[in-house]
Amino acid sequence: MGQKDQEKQERQEHNPHRDPQAKGDKEFPKPEFNSFVTGLYTQTLLAMGVVENPRSGEKQINLNEAQFLIDTIGMLEVKTSGNLSEQEAAYLKDVLGDLRMRYVNAARKDAGGAGEQSGAEKEHADGEQK
């Protein structure tokens, strides 16, 4: 086998999209833009404590990480402008809108103090004490 043939074989062996039957590896789906954005969306929800961390089973809040991820998705929107399908562009816009609103609410809650209750929570607690 020549040098070029050997290099080609090595590239094929390291290709994550190769035949899953080749060595028992599982097949990866074809990369798609919306799937990529969904991954970033999920990471951001984790950072805002909206969903539990699958490793710890706990909700953890890191608003700096959430802001970084939102800014990253915003950068994708700018850099991909004009290169996305209508569906992809709409999905990206929806994800950003949702995350930005969630971030504002999370930041307000964080600034208000973790121990503070909302007006409705206070009324409910007062009603239980009577």
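Throughout, read-outs are computed from the coordinates displayed, never taken from laboratory work. Owing to the predicted nature of the structure, the values given are computational and were not obtained by experimental measurement. Backbone-built Cβ (ideal geometry, glycine too); neighbour counts: all protein chains shown.
Which net charge results for the neighbourhood of residue 83, defined as the other residues with beta-carbon distances under 15 angstrom from its beta-carbon, given Lys and Arg at +1 and Asp and Glu at -1?
-2
Given labels modelled 7 Å from the Cα in the Cβ direction, how far is it in nm from residue 26 to residue 102?
With each label placed 7 Å out from Cα toward Cβ, I get 2.3 nm.
Test of understanding: what is the full-extension gain from residue 59 to residue 34, defined as 0.36 nm times their sequence separation minus their Cα-Cα distance?
Residue separation times 0.36 nm, minus the Cα-Cα distance, leaves 6.5 nm.
Please give me the summed charge of the neighbours of residue 52: other residues whose Cβ is under 9 Å from its Cβ, Lys and Arg +1, Asp and Glu -1.
Working: positive: 59; negative: 58.
Net charge in that neighbourhood comes out at 0.
Find how much the distance from residue 110 to residue 51 grows on full extension, using 0.36 nm per residue of separation minus their present alpha carbon separation; answer in nm with one decimal.
Here the answer is 19.6 nm.
Quick one: Karplus J couplings for region 55-67, per residue in order, coefficients 6.51, -1.76, 1.60, θ = phi - 60°, nearest Hz, x for Gly and Pro?
Whole-Hz 3J(HN,Hα) from phi for region 55-67: 7, 9, x, 10, 8, 10, 10, 9, 5, 5, 5, 4, 5.
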